[in-house]
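Mind looking over this structure? Questions follow.
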Amino acid sequence: MNGKKDELNKLMSAENSKYSKVRQDILEHEKTVKEQVEKYFKELVNKLDQSHETVLTSVKSDLNAISLFTNQTEDKINEVQDFIEISNATDFFKGVKTMEKSTEIQEPQTKPSYSSSPKFVPGNINQSNIGSLQDDGNLSIGLQTIVYSTNRGGGIVYIDRYTSKGSKPTTQKHLKDIKMPTNY
């Protein structure tokens with residue numbers, strides 16, 4: 001019985017050791033997964049920021065072109081108004097031909113459409129891409145359960161419970177330790 005107790009104590013110690021290792025593995029993996037998730041979200045935010053900046057740069061470029069066109073148009077309108085106010089007819093007709101050529105301003109070409117920042121589609125996290133616990137089998141001890149029985153001839157036979165093979169005890173100690181039921 002002491003041997004079985006020792007084996008059970010060893011089994012409990014081994015189980016505690018395994019538990020501690022698996023728990024530590026889980027905690028280390030949790031830390032790693034958190035770091036990977038944080039890194040991934042930083043990458044998503046950086047990609048969004050870059051996309052947003054690209055969109056804004058494109059729109060701002062066209063806004064600047066339109067602002068420049070508007071300023072040039074206003075300047076030409078002012079020049080034409082100044083020209084109209086010329087009271088000398090000779091100077092007026094000389095300037096008409098020059099004014100026709102200089103009032104032509106080409107409207108800037110803007111894009112017909114612009115990219116937009118992408119939308120975010122959240123995903124799911126589940127055990128298959130994080131990890132899970134798997135059954136590692138049952139605990140077992142190295143002791144065999146030994147059954148002794150009497151055979152028809154009155155002899156004592158050792159039967160290994162796991163193999164069901166019988167044999168005679170090999171030492172006198174085996175015979176001394178056998179406690180047979182009283183009805184035999």
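The values are calculated or read from the model by the stated rules, or taken from the named source; none is laboratory data. The shown structure was predicted, so the numbers you read here are calculated from the model rather than taken from an experiment. A quick note on method: Cβ atoms are made from the backbone with ideal geometry, for glycine too, and the neighbour counts reach across all protein chains shown. Surface accessibility is based on the protein's heavy atoms, side chains included, excluding ligands, DNA and RNA. Shrake-Rupley method; radii C 1.70, N 1.55, O 1.52, S 1.80 Å.
Mind checking which residues of region 52-76 are open to solvent by 90 Å² or more (accessible area, probe 1.4 Å) and among the hydrophobic types (A, V, I, L, M, F, W, C)?
Listed by number, the residues that qualify are Leu63, Leu68.
So if I check each of Gln81, Gln50, Gln36, Gln24, which one is of a type in the set (S, T, N, Q) and more than 42 Å from the chain's Cα centre (by Cα)?
Selected residue: Gln81, the only one of Gln81, Gln50, Gln36, Gln24 that is of a type in the set (S, T, N, Q) and more than 42 Å from the chain's Cα centre (by Cα).
For Ser117, which of the numbered conditions (1) surrounded by 13 or more Cβ atoms within 10 Å (Cβ to Cβ); (2) of a type outside the set (Asp, Glu); (3) more than 30 Å from Ile130 (Cα to Cα) fails to hold?
Among (1) surrounded by 13 or more Cβ atoms within 10 Å (Cβ to Cβ); (2) of a type outside the set (Asp, Glu); (3) more than 30 Å from Ile130 (Cα to Cα), the lone unmet condition for Ser117 is (3).
Pull up region 122-137, narrow it to residues that are open to solvent by 100 Å² or more (accessible area, probe 1.4 Å) and not acidic (Asp, Glu), then point me to the one that is farthest from Ser51 (Cα to Cα).
Gln134
Hey, another quick one. Anything in region 60-101 that is within 30 Å of Ser113 (Cα to Cα) and of a type in the set (Ser, Thr, Tyr)? List them, or say none.
The answer is Ser61, Ser67, Thr70, Thr73.
Could you please give the count of residues in region 7-25 that are surrounded by 12 or more Cβ atoms within 10 Å (Cβ to Cβ) and within 21 Å of Gly131 (Cβ to Cβ)?
2
Now for a different question. Checking the structure you have, find out if any residue of region 125-133 is under 29 Å from the mean Cα position of the chain (by Cα), at pLDDT below 85 and over 30 Å from Phe41 (Cα atoms).
So far as region 125-133 goes, no, none of its residues is under 29 Å from the mean Cα position of the chain (by Cα), at pLDDT below 85 and over 30 Å from Phe41 (Cα atoms).
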